[in-house]
Amino acid sequence: MFYEKKINNLEYMALGHLAGPSFIHFHNEVELIINMGRGAKADVYINAKKYNLHNEGDAIIICPGQVHSFETISDGLFFAFIFPVEYIPRLKKTFLTSQAENPLFNIDEIGMRDVIMSFWKQNENFCLREVKHTHSSFIIGYINIMMAYIYKNLKFIESDKDITIINKIILYLTENYTEQITLKDISDTFKLPHSVISKTFNSATGITIPSFINWIRSTNAAELLTTTDNTITTISSEVGFRTIRNFNRSFYEFYGQTPSEYRDIHK
């Protein structure tokens, strides 16, 4: 499911690894992911831009409506919070109308480690991968302290006003990526001129529509490479690439490895 509708107020969890790269999604909540060490390494994609959570203490803030996915490089320990903006009343407007210019930071560099560790020690009895749902004022208090550190140390810029239409277009692309989608198809679907769609999409995501389609295809191919024994040629066709050459080129662009190299390393 691409749009992830949350039914619980607040979630926090300890994870050995993050969701697979094919889980490209967005939701209306704020999401905070922290690398807690034990060898953990992951790449986070926000609107198709890649960020590295490769070191202990690395963290990333994902604002409501931002399209994101994860690629775990090595298992370890990650800590995640997901919560609605209503739980941070003083910063609600900021997170509804703005986004971090650079969402990646380190909890040591902004002085937030003591807050994280204090929370962790008081809640260390929860199990790995177990999701906790709560509306506890105690937890909400910690959330507000953490977000105050983040707001003070990160630069926030106004979100693109066309984010709603962009999310609709991205949803359309993720549902139809195996087809040979053209700009005309998108234009006809959303009743907007080609030029408006291209300019709006590029401005909001930092990537062209053809590149975004290839990214979706490549992330789904990555999952098939590690979970099936299908040939690379078959996988290339299944995810929508017309030729194996295009598949190899696009996959290498996003993963820095050929499909066969990726399969050998990750399967």
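The values are calculated or read from the model by the stated rules, or taken from the named source; none is laboratory data. The structure presented is a predicted model; accordingly, all values stated were derived computationally and were not measured. Quick reminder, even Gly has a Cβ in these numbers, built from the backbone with ideal geometry, and neighbours come from all protein chains shown. Side chains included, ligands, DNA and RNA excluded: accessible areas come from the protein's heavy atoms. Shrake-Rupley method; radii C 1.70, N 1.55, O 1.52, S 1.80 Å.
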Assess whether residue 246 counts as being of a type outside the set (A, V, I, L, M), open to solvent by less than 60 Å² (accessible area, probe 1.4 Å) and in a helix (DSSP H, G or I).
yes
Among the residues that make up segment 105-126, is at least one of them β-branched (Val, Ile, Thr), assigned to a helix (DSSP H, G or I), open to solvent by less than 60 Å² (accessible area, probe 1.4 Å) and under 16 Å from residue 149 (Cβ atoms)?
yes
Within segment 215-243, restricting to residues that are in a helix (DSSP H, G or I) and hydrophobic (A, V, I, L, M, F, W, C), the one that is nearest to residue 20 (Cα to Cα) is 222
Determine if segment 189-202 includes at least one residue that is charged (D, E, K, R) and open to solvent by 30 Å² or more (accessible area, probe 1.4 Å).
yes
Please go through segment 45-81 and pick out each residue that is closer than 17 Å to residue 107 by Cα, in a strand (DSSP E or B) and open to solvent by 10 Å² or more (accessible area, probe 1.4 Å).
51, 52, 58
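Residues checked against (1) open to solvent by 70 Å² or more (accessible area, probe 1.4 Å); (2) closer than 19 Å to residue 43 by Cβ:
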position	(1), (2)
165	no, no
183	no, no
208	no, no
211	no, yes
232	no, no
242	yes, no
250	no, yes
258	no, yes
262	no, yes
Residue 23 passes all but one of the listed conditions (1) outside any loop (DSSP other than H, G, I, E, B); (2) of a type in the set (A, V, I, L, M, F, W, C); (3) open to solvent by 40 Å² or more (accessible area, probe 1.4 Å); (4) within 21 Å of residue 220 (Cβ to Cβ); the exception is number (1)
Only listed residue being modelled with pLDDT under 90, among the polar types (S, T, N, Q) and surrounded by 14 or more Cβ atoms within 10 Å (Cβ to Cβ), chosen from 134, 94
134
For segment 31-38, does any single residue satisfy the condition of being open to solvent by less than 40 Å² (accessible area, probe 1.4 Å), in a loop (DSSP other than H, G, I, E, B) and either modelled with pLDDT of 90 or more or within 22 Å of residue 147 (Cα to Cα) (or both)?
yes
Six or more apart or on different chains, Cβ under 7 Å: which pairs go from a residue in segment 213-231 that's more than 11 Å from residue 259 (Cα to Cα) and among the aliphatic types (A, V, I, L, M) to one that's part of a helix (DSSP H, G or I) and open to solvent by 10 Å² or more (accessible area, probe 1.4 Å)? Could you list them?
216/174
